[in-house]
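Note sheet for the following structure.
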Amino acid sequence: MELNSLVNRTKQSKNMAQKVCLIRGDGTGPELVDAVEKIYQAANVSIDWVEVEAGLKCVEAGKPIVPDETIEKIREIGVAFKAPMTTPIGKGSVSPNVTLRKRLDLYACVRPVKSLPGVVTPFKDLDLVIFRENTEDLYAQIEYIVAPGVAHTIKLITEEGSRRIAKAAFEFAKENGRKRVTAVHKANIMKIADGMFLRVCQEVAKDYPDIEFYDNIVDNQCMQLITKWKDYDVLVLPNLYGDIVSDLAAGMMGGLGLAPGANYGTNCAIFEAVHGSAPRYAGLNKVNPTALLLTSSLMLGHLGMHDKKKDIEGALDATLAKGIKTYDIGGSATTTEFTDAICSELKS
Ligand code: NAD
């Protein structure tokens, strides 16, 4: 899967290891990054990791949840690999994830949803790609108390924001031989905001006559995905629906432990899995590194390291096909055992 038209890659010297900013994350994040690093060693992937800070550790040290130096470094290097970070629920600091996406204007959140060998689900031959708008909608973080007992959150949709995510989805479809783009909305109720998103998608669709265009109301789309998933190819959604449908689609793949993702802007990209920091499992050596590994493999494609990407995906597929699995997909392997099995495949 390539997204060549989406982001101007920062030019790095061919003779040096590729520089990538690394955020180790919160909760289970650091142990998942350890697993990916171990697999990269086994695969002889040469990355010059530049560690940058963000997340709970920064807050505990009295710093902003995403320090300015982190933003600047990611801008300079142009590529970051990020483990999940925790956002306090209903109180406390803003989301570090939303902050990174907004400050770096990473407007396209792209999430491939594909069946994996050895992972049994009712959804055979799943092959979708979700394009979630990543900077607007209810995630604009504009909310306040109007009066005691009355809260107001603003749903921000713009023509420009809708147009660039729609174009990204269609360009991706064109570059990758995809046949159909479906816009997902709730324009029957939110006639102005979602109506604008839908209208802009319809306008963009006219520039791509070879790609079929459909639209669906989000509730119907959820049902259609469960009953007729093969009718869908590329989905384009505003931020909130994209977030929710991504987790639904991750469940269809077999669980959050499997679903990769990437955030693209005009000048940089951050690679992060769909799942969160799963703090309940931190330190238990239980969680599945597949989602973060497949996320890293999207990054290798972005960096032009196609052979390494192929090697790693092949070793992962072979491990899963042998029935070596973590708890979340019906196995009993620990994170370490699963990681070591992938490393053995790479060395064999
Ligand atoms: P979560 O995705 O962290 O976990 C939900 C459940 O999914 C877990 O309890 C676990 O059963 C399963 N799961 C998640 N990752 C897994 C893995 N790698 N292997 C196996 N099972 C896995 O969602 P949550 O519990 O709602 O959120 C926890 C924290 O993560 C919150 O603070 C939330 O804001 C944050 N979050 C961060 C990101 C991000 O960094 N991009 C994304 C979503 C949520």
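The values are calculated or read from the model by the stated rules, or taken from the named source; none is laboratory data. Computed from a predicted model, the values in this text were never measured in an experiment. Every residue, glycine among them, receives a Cβ derived from its backbone with ideal geometry; neighbour counts consider all protein chains shown. These accessible areas exclude ligands, DNA and RNA; they are computed on the full protein's heavy atoms, side chains included. Shrake-Rupley method; radii C 1.70, N 1.55, O 1.52, S 1.80 Å.
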Q.
Test of understanding: among Ile165, Ile145, which residue is within 30 Å of Cys201 (Cβ to Cβ) and in contact with a strand residue (DSSP E or B) (Cβ under 7 Å, 6 or more places away or on another chain)?
A. Ile165
Q: Working only within segment 291-348, note down all residues that are away from the ligand (no atom under 16 Å from the Cβ), over 16 Å from Ala273 (Cα atoms) and open to solvent by less than 20 Å² (accessible area, probe 1.4 Å).
A: Ile312, Ala315, Cys343
Q. What number of residues within segment 258-301 are more than 12 Å from the chain's Cα centre (by Cα) and either assigned by TED's automatic domain parsing to the domain that holds Asp127 or of a type in the set (Val, Ile, Thr) (or both)?
A. 3
Q) So which of Val98, Val66, Val119 ends up being under 30 Å from Thr319 (Cα atoms) and within 16 Å of the ligand (Cβ to nearest atom)? A) Val119
(Q) For the structure I just gave you, tell me whether Tyr281 is under 27 Å from Glu51 (Cβ atoms) and of a type outside the set (Lys, Arg). (A) yes
Q) Within segment 41-111, which helices (runs of 4 or more DSSP H) (wholly inside it) include 2 or more residues that are open to solvent by less than 10 Å² (accessible area, probe 1.4 Å)? A) 68-77, 96-103
